[in-house]
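Scroll down for the structure; my scribbles are underneath it.
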Amino acid sequence: MLIRYGYEITVFCQQPTAMVTLLGLRDGRERQVRIGESFFTSPQIDTSTYRDLFDNVCRRFVAPAGALTLWSDSVIEDSGAVDPVALDAQLHPVADLPDDCLAYLMGSRYCETDRLSQIAWDKFGHIQRGWARTQAVCDFVHGHIAFNYKTASSTRTAYEVYEGRVGVCRDYAHLAVALCRCLNIPARYVNGYLGDIGVPRVDPMDFSAWMEVYLGGKWWTFDPRNNIPRIGRIVIAHGRDAADVAMLTSFGLHQLNGFRVWAYETDAGGLPGAIVDTTGAAGREVRARSPL
């Protein structure tokens, strides 16, 4: 299957301002082949890319004074399969974990393992180690939090989510990541695109957050927000928590004037040209000037 995905983000700066965005896709995802990826700005500016500590693709540039729009509109080929499940995937003893997993057992900016450790062991310590215990964490988080966009907060931590019982997808992910780490399950925060493929459509669309855990020698997707296997996840980045994968970092003041995201199944084989108009339905139908 083909999935069309992209974003349109407009910021306004009073003066030239250095920025870094983390919006390009990660390489080497299983079951997906990137047909192409377009990126352009209005007005046109110079940008460059580099890799961060987690091998995510970052783009840096200086936003000019005034409005700057960032566009990306691309197509990826996906297997159409749902997230894989491996009920027999086992938890590794900490001493046997690969070195690069250890960072995902530690507390981090939004995941306070010290405050949640006793809670985690009291709730899940009796459950079979491995997949069953990880799924129990997701089941708990899914039922414990009430989803509400109006309560979104960029500073809410996992412990505050546990206490307040309300949040958005990043909050579900932070709490589940923190609880897993308390239980010696390596867990990392992931963000990306998740279109409504095979499920009822929900608008407006946004970027999504979920987590990956290390069991049985590989990383597996778990999604405490939706808590069911889904089709067509497109990973942008992963890190210890949302602080590592901020989609836009501004080294100065800016105002967000526009934000749209889309990801949907399509039968169009080519990449779209520059976006000149949309239907306004959360970017689900994008009219292009001409094919590339």
Which residue fluctuates the most in the chain, going by a Gaussian network model with Cα springs under 10 Å, if the choices are His126, His254, His174? His126
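Within the chain, what percent of beta bridges assigned by DSSP are antiparallel, to the nearest 5?
Approximately 95 percent, going by the DSSP bridge assignments.
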Candidate values [x] 16; [y] 22; [z] 38, label of the one derived for percent of Cα pairs over 34 Å apart: [y]
Could you work out how far helix 131-144 tilts from the main Cα principal axis of the chain, as a 0 to 90 degree angle to the nearest 10? 70 degrees
Normalised alpha carbon radius of gyration of the range 94-236 [divisor 2.2 N^0.38 Å]: 1.00
Taking the Cα centre of the range 94-236 as origin, work out the dipole magnitude from +1 charges on Lys and Arg Cβ and -1 charges on Asp and Glu Cβ, in debye rounded to 20. 180 debye
Tell me, in nm to one decimal, what length is gained between Gln255 and Phe54 on full extension, where the rule is 0.36 nm per residue of separation less the Cα-Cα distance? 69.6 nm
If I model a spin label at Thr10 and Asp114 as a point 7 Å from the Cα along the Cα→Cβ vector, what separation in nanometres do I get? 4.5 nm
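Read-outs throughout are calculated quantities, based only on the coordinates presented, and are distinct from any laboratory measurement. Quick caveat, the model's predicted, so the values are computed rather than measured. Quick reminder, even Gly has a Cβ in these numbers, built from the backbone with ideal geometry, and neighbours come from all protein chains shown.
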